Every structure is written in structure tokens, then in C-alpha cells.
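Single-structure report; data block below.
No lab work stands behind these numbers, since they all come straight from the coordinates. Please read all numbers here as calculations on a predicted model, not as lab measurements. Here the Cβ positions follow ideal geometry from the backbone for every residue, glycine too, while neighbour counts run over all protein chains shown.
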Amino acid sequence: MPIPNYREQVRFLLGQQEIKIGINNPNITLLEYLRLTARLTGTKEGCAEGDCGACTVLIGEIHQGNIRYQPINACITLLGMVDNKQVHTVETLAQDNVHPAQALMAEQHASQCGYCTPGFVMSIAALQCDLGDKSQTKVGASKAQIDDYLSGNLCRCTGYGPIINAAQEISKKPLSSAWQTQAQTAKKTIHEWMNDPRPLRCVGNKAIFVAPNSLDTLHDALLKHPDATLLGGATDVGLWITKLGKRLTNIIYLGQVSEMRNVSQTEDTLEIGAGVSLQDTQLLLGSLTPDLEHLMRRFGARQVRSQGTVGGNIANGSPIGDLPPALIALGAKLEIAGADGIRQIPLENFFIGYGKQDLSPGEFVRLIRIPINRNLHFRCWKISKRFDQDISSLMGAFSATVENNKFQDVRICFGGMAGTPKRASACEAVLLQQSVASDVLVHAKRALARDFEPITDMRASAEYRNYVAQNLLEKFILSINDKDQSILHKDTVWTTPAIHQ
Ligand SMILES: Cc1cc2nc3c(=O)[nH]c(=O)nc-3n(C[C@H](O)[C@H](O)[C@H](O)COP(=O)(O)OP(=O)(O)OC[C@H]3O[C@@H](n4cnc5c(N)ncnc54)[C@H](O)[C@@H]3O)c2cc1C
Ligand code: FES
Ligand code: FES
């Protein structure tokens, strides 16, 4: 297919104002642009690593034909990523009058030094957008929904009670007509932009930011810049810039490649494009099993999940990434594309060693294919010090079928126990063909201890990791035996997932 001409300026709506701007340095973050160029200093910088939420802004983008607003961290978002989107800051949020999120934070005395306040305002405004869309406003948000929206924001002074009250109150208010009007206008503008076939390519001082908008234009960009850094949601890459001080030269942003944001499902397979956000993945995987829903809910915080992608969580090769162990236990396969075509590999084979993945220059992860087995017993547990916004000390995922009361197709995978996500092959071998109710657990635990030599680091000691891994194994077997329903979920029942994209 012929490659269309490229556009050379990022275009987006800042509130309702159209911005068109070239990028000389592709490393510039949205936060730097807002504070230093647009002089909108309401958006604050706290941690510069996605943890505190002081820099939260709303991003509006077209989703299923409508405009959807989600909170993201501006500190780790690169400016080029907001192309064809709308950005709302604490300044642009107010329409005719102050936004209810702002009014309620003041009424509830939910601010003292005020440094965190703009971020909280944006997060509770996002909650209202979400609930407003679902006509849930009469009853208001549940405690879990409020926690979900606030867990990415930190306040050091006020105490969370008044902030939670403000969130509760806003969740009962329908979206104002002024807000809905601006959303419709934004949607129209973005739709027009998206009909323009030209992808974005900003050429700066010895550096390039390209945002291909199809697989064809992505292949073209990779052919020209095989050494470029691929950018998913930047929830890792953003920190290379803000924390490690790296200066990336060529960047290829994958977020506009529509084919990589697709989801499809047949009777026995679920395919998730590598560019699908972690937030949308929560809904998809959650409709397969409650454990996966719970796992995704504990992934970073709302801002991180809205931005980070499934492909990024796999391709970063982290030994403590949360999705890979679960997907490996489910028997997932990766589709990898490059100039030589497409190849499919079992996900576990992708992780060759610490920091080393089976991905050549010019290749990218295109999608994840997950088999659906309705007879599968599947459980997974993330172990970390905090419930929200914390990286795993270890993560265990277990799956097996049981025939004639014996284990079949056992797949056990751990994160945080080795330099890569790794299957517990000795333990699997011990369990295979053994009776579920037998005393196999003792032997299986011993085998598990042989499978791994975890390290001691700031998250956990080696002893703790070994001990907890064995306990999780026991919990899995107990859950199959269904002995203690008070502490365990009911066994997983596979249901038909609702497709959201
Ligand atoms: C505050 C915070 C909390 C976090 N909490 C968690 C957590 O609870 N659990 C967890 O597992 N992780 C967590 N993370 C890490 C991170 O959010 C995830 O790993 C996320 O999935 C990365 O996805 P991304 O799209 O943002 O990747 P990016 O940062 O864009 O990219 C990461 C790496 O993957 C490569 N890449 C991205 N997409 C592709 C592709 N399609 N093909 C080939 N290469 C690709 C990039 O080149 C880069 O090397 C957290 C991060 C932050 C900042
Ligand atoms: S400044 Fe802390 S999350 Fe962005
Ligand atoms: S009011 Fe001071 S940090 Fe929240």
C-alpha cells in the first residue's frame, strides 16, 4: 500500500483551543509543555515517575465512536502522544463556571497546602465522566469505584476523608450541559483530524518522533528507523527520560496504530492487540475470571492503567511485570511482526534471560493470543506491600484441568522469583497425573523450592519469596479441593467475555 505523506506538527485540543506545534526534542513531556510553554502551571510536578498524581490531566480520545475522558500522568507522557486527542487541565476544566470537581473540593475543605489538589480535581472529574456516561449518577459511586479513581493521587496534608466526600458528591451529579457541549465539539474536531490519512512525523535536531497510524506505516517507519525506541504508553519509557536522564533520539509511537488496539474473540481464543490499554484489558480479562479482574485492578493506579499497554508490559521483559506470569499460566502466545513477516511464539519463550527478549531490531509485539479452556482451574495472586500502586514482590499464577480427580495440563508461573517470568517445571511434573486430594502437596512444595533461586532485594528476601510461593501453591490446591471457601474465591468459571473494542 502506498505510504501517505507525513504531517510535521502535533495537533491537539488544549481545552477547546486547537494547538499545532512541531517537536524539536521528542523527549519533551506533556507536563513540560503545559508548564513551560503553555504556562498552565496548575498541573504540578511531584515525583515525575507516575506515582503521586500531582500532574494528572484528562485525555479525551475517540473510543467506540464517542469521546472518552481518562486520567493520565502528564509527567511521563511524551508530548507527541497527545496528537489527535484533547487535553484538559485544571485550568481548562471549568466551562461557564468553576467545574463541580473544583467547587466540591473547596466546599468539603479537601485542600490544605493545595499542591495535590489539581491532581485530585482531575481524578474526580474523570470519575464523573465515567459515571456520567453510564447514567449511574443517581446512586453515586461505590467506595470501590472511588478508591479506584483516587488510588493514583497522594495527599500529604488534608487526610483523605474530605477528598473522598468530594468524590462521592460529584459522582451523584450528572455532567453539565456545558461539559457535554464542549465534548461534542471536541469529538467532531478529532473525528475530522482522524480522517486525515497522514501520520505524524516530527523531525527535530537529530531526532525523530513518528506516530504511524496503520501497520503499513509502522512497517515503513521501522524500515527507515530499525533502531528507534518503540513507545507504547510510556509508563516505563517515560521514566527512562525523567528518572534515568536518558535522551532518546528516534521514537516510534505505537498508540495510533489502530490494528494494534483491536480485540477479538472466538469460542476458544481471545486476541488482545498489543496496544490495548491495561484499563481496557481489566474488563476483558476480568470477564474471563475474577482473579484476573482483581489482578488488573491492583496494577499501578487508574492513571497508569489508562496509559500503559499490554504489549509494553510484556516487551519490557521485567521479571516483576504482573501480566506475563498470568498469561503464561493461561498458555498465551505472542504474535511478533517485522519486515520478514509474522511469527508466533509461546509467551514463555519470549523471555530469554534477564533484560533479554526474543525481539530483533525492526520487530514489534503485535498481539497476544489467549486460549479459552472452559474446564480450566485458574488462580493468580499478586503479593506486594500495598494494595494499590505497588510493584509485586512476587506474583504466582496457576492453572490445571482435573480429569478423574487427577491433575492434567498443569502450568505454574511466577514473577519475582527469577530473572524472568518463569514456569515451575519441576513442580508441574510432580503434580501431573497425581490425585488432587492426595498428599502430593509436600512433594510439590519441595519441587517448587528446587525450581527457583530467588534473590533478596528491597521488596522481599529470598526466604520470604520461597515461603510465600509455596503457600500460594497450597492455596491453589486447596481451592481445587474447595475446602475453605471463606478465604478463597469460588473456583473459576469461564464465562463469555464482553468485547469492549
Ligand atoms: C506508577 C507506576 C506503577 C506501575 N505499576 C505496575 C504494576 O503494578 N505492575 C506491573 O506489571 N507494572 C507496573 N508498572 C510498569 C508499567 O506500567 C507496565 O510495565 C506497563 O505495562 C508498560 O506498558 P507501556 O505501554 O507504558 O510501555 P512503554 O513504557 O511504552 O514501553 C516499555 C517497553 O516495551 C517496549 N514496547 C512497548 N510496546 C511494544 C510493542 N508492542 N512491541 C515491542 N516493544 C514494545 C518499549 O520499547 C519499552 O522497551 C508501573 C509503572 C508506573 C510508572
Ligand atoms: S508528578 Fe507524580 S505522578 Fe506525575
Ligand atoms: S493538601 Fe497538601 S498535599 Fe494535599
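Which FRET efficiency, nearest 0.05, do residue 191 and residue 462 yield, Cβ-Cβ r, R0 45 Å?
On the way: r = 54 Å, r/R0 = 1.21.
Result of the calculation: an efficiency of 0.25.
Could you work out how far the C-alpha centroid of region 1-57 sits from that of region 153-174, in angstrom?
Cα centres, region 1-57 to region 153-174: 27 Å.
With a 10 Å Cβ neighbour count serving as the proxy for reagent exposure, in which order, fewest first, do 143, 445 appear? If you can, show how the numbers build up before the last one.
Values: 143 10, 445 18.
So the ranking, lowest neighbour count to highest, is 143, 445.
Write out the chymotrypsin sites (Phe, Trp or Tyr not before Pro) in region 357-388 meeting two conditions: DSSP loop, and at most 15 other Cβ atoms within 10 Å of their Cβ.
Those that pass, being in a loop and sparsely packed, are 387.
Under 12 Å from the Cβ of residue 35, count the other residues' Cβ atoms, weight Lys and Arg +1, Asp and Glu -1, and hand me the total.
After counting each charged neighbour, the total is -1.
Expressed as a rounded percentage, what relative contact order does region 11-192 have, with Cα pairs under 8 Å and six or more residues apart? Each step should come with its number before you reach the end.
On the way: 307 pairs, mean separation 46.0, N = 182.
Normalised by residue count, the contact order of region 11-192 is 25 percent.
Simple spin-label model, 7 Å along Cα-to-Cβ: residue 344 to residue 139 in nm?
Result for the modelled spin labels: 4.1 nm.
Local charge sum around residue 428 (other residues, Cβ-Cβ under 10 Å, Lys/Arg +1, Asp/Glu -1)?
Combined, the nearby Lys, Arg, Asp and Glu give 0.
Pairs 85/422; 172/382; 44/243; 206/243: which are spaced more than 27 Å apart, C-alpha to C-alpha?
Going by Cα-Cα distance, 85/422; 172/382 fall outside the 27 Å limit.
Relative contact order for the chain: what percent, with Cα pairs under 8 Å and sequence separation of 6 or more?
Working: 1070 pairs, mean separation 63.8, N = 501.
Contact order relative to length: 13 percent.
R0 = 56 Å: FRET efficiency of residue 106 with residue 426, Cβ-based, nearest 0.05? Mind dumping the intermediate values first?
Numbers: r = 60 Å, r/R0 = 1.07.
The pair residue 106/residue 426 has a calculated efficiency of 0.40.
According to the square roots a ≥ b ≥ c of the eigenvalues of the Cα gyration tensor, what is the shape class of region 71-161, taking rounded for a/c under 1.5, prolate for a/b larger than b/c otherwise, and oblate for the remainder?
Values: a/c = 1.44, a/b = 1.16, b/c = 1.24.
Since a/c stays below 1.5, the shape of region 71-161 is classed as rounded.
Can you tell which of 14, 414, 162 lies farthest toward the positive end of the dipole of the chain, using +1 and -1 charges on the Cβ of basic and acidic side chains (Lys, Arg; Asp, Glu)?
Selected residue: 162.
Hull surface divided by four, with the convex hull built on the Cα atoms of region 198-259: how many nm²? Don't skip to the end; give the middle numbers.
Working: hull surface 17.2 nm².
The orientation-averaged projected area of the Cα hull of region 198-259 comes to 4.3 nm².
If you average the alpha carbon positions of region 418-473 and of region 190-266, how far apart do those two centres end up, in angstrom?
Taking the Cα centre of each part, region 418-473 and region 190-266 sit 40 Å apart.
Can you tell me how much longer the chain between residue 25 and residue 374 gets when fully stretched, taken as 0.36 nm per residue apart minus their C-alpha distance, in nm with one decimal?
120.7 nm
For residue 437 and residue 36, what does the FRET efficiency come to when R0 = 56 Å and r is the distance between their Cβ atoms, rounded to the nearest 0.05?
Computed FRET efficiency for residue 437 and residue 36: 0.30.
For the chain, what percent of Cα pairs sit more than 45 Å apart?
Tail fraction, whole percent: 14.
Would you order 330, 30, 244, 175 from fewest to most other beta-carbon atoms within 10 Å of each residue's own beta-carbon?
In order of increasing Cβ crowding within 10 Å: 244, 175, 330, 30.
In the neighborhood of residue 345, defined by Cβ-to-Cβ distances under 10 Å, what is the net charge if each Lys or Arg adds +1 and each Asp or Glu adds -1?
Combined, the nearby Lys, Arg, Asp and Glu give -1.
I want to make sure I understand the PRE zone here: with the label point 7 angstrom from the Cα of residue 244 toward its beta carbon, which residues in region 408-447 have backbone N atoms less than 20 Å away?
Counting only backbone N, you get 416, 418-421.
Using 0.36 nm per residue, how much length does the chain from residue 262 to residue 223 gain when fully extended, once their Cα-Cα distance is taken away?
11.7 nm
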